[in-house]
Structures are given as C-alpha cells and as structure tokens.
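Read the structure below first, then the notes.
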Amino acid sequence: MLRKWQKEVHANAKEKGWWLEGDDDVNNIPEKLMLVVSEISEALEEYRNHKIPDGIYMDHSTKPEGFGVELADAIIRILDLAEYLEIDMQECIEIKMDYNKRRALRHGGKKC
C-alpha cells in the first residue's frame, strides 16, 4: 500500500508543477528535505497552540489543518522525494522496523 501511495503522491506533485524536467531550482534535494522539516515545524506550532486532540480541523476555507495534517504533509513530502529518487520506502521501513525490534531498550540508554 505504501508503494502505491508513494507513486500516487509523486505523480500528483509532478502534475502540480513541483518537479520539472531540467529545472535544478525545482529539483533541489536539500530544499525538498527542508520542506519536510517545515511541515514538522508546523506540527510543532499546532502542538504549541493545543490543537492536537482531533488532529484535524478545517480553517476558514476547505483546507484541512491541524497536527495530524502537518504530520501527513511531512509523510507526503517524504514519499514524493523517495519516489523521485527511486527509493522504495516500504522496503526501507520494513528493514528498519525489523532492525529496531532487535535493538536494546532506548537503544542502549539514550534519553530522547
């Protein structure tokens, strides 16, 4: 299912002009990574404004907002970038989760 979403997310991003052939300004990988960070920052602002309980609400238009929506935006941006780079995120997550299951409690005593 994740692989299907990854392809769908990237196709939509291309259709909306977020990826253009030969356009290094649009296809700037560091910038795409920082856009993921910006979505996480927006989730933090929702948290700071005590808007977590429902995770989603509608603003004055029909645009969904909220903590959950910002997390979704970060995932969407990650899936989009992964598809552009031809990285199978489902496989990466499965491998990493398998590894994490074998790790020590808090990875050997880390605090965060």
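What is the extension gain from Ile56 to Leu44, computed as 0.36 nm multiplied by their sequence separation minus the C-alpha to C-alpha distance, in nm to one decimal?
2.9 nm
Considering Cα pairs under 8 angstrom that are at least six residues apart, work out the relative contact order of the chain and quote it in whole percent.
Relative contact order comes out at 31 percent.
Sticking with the crude label model, points 7 Å out along Cα→Cβ, report the distance from Glu86 to Ala72 in nm, one decimal please.
Placing both labels 7 Å along Cα→Cβ, they lie 3.1 nm apart.
Taking the highest mean first, how do the peptides 16-23, 40-47, 104-111 order by number of other beta carbon atoms within 10 angstrom per residue?
40-47, 16-23, 104-111
Report, in debye and to the nearest 20, how large the dipole of the stretch 2-109 comes out about its Cα centre when Lys and Arg carry +1 and Asp and Glu carry -1 on their Cβ. Don't skip to the answer; put the middle values down first.
Working: 15 positive and 23 negative charges, 147 e Å.
Charge dipole of the stretch 2-109: 700 debye, to the nearest 20.
Bear in mind that the values in this text are calculations on the coordinates, not laboratory data. Worth saying up front: this structure is predicted, and the values here are computed from it rather than measured. A quick note on method: Cβ atoms are made from the backbone with ideal geometry, for glycine too, and the neighbour counts reach across all protein chains shown.
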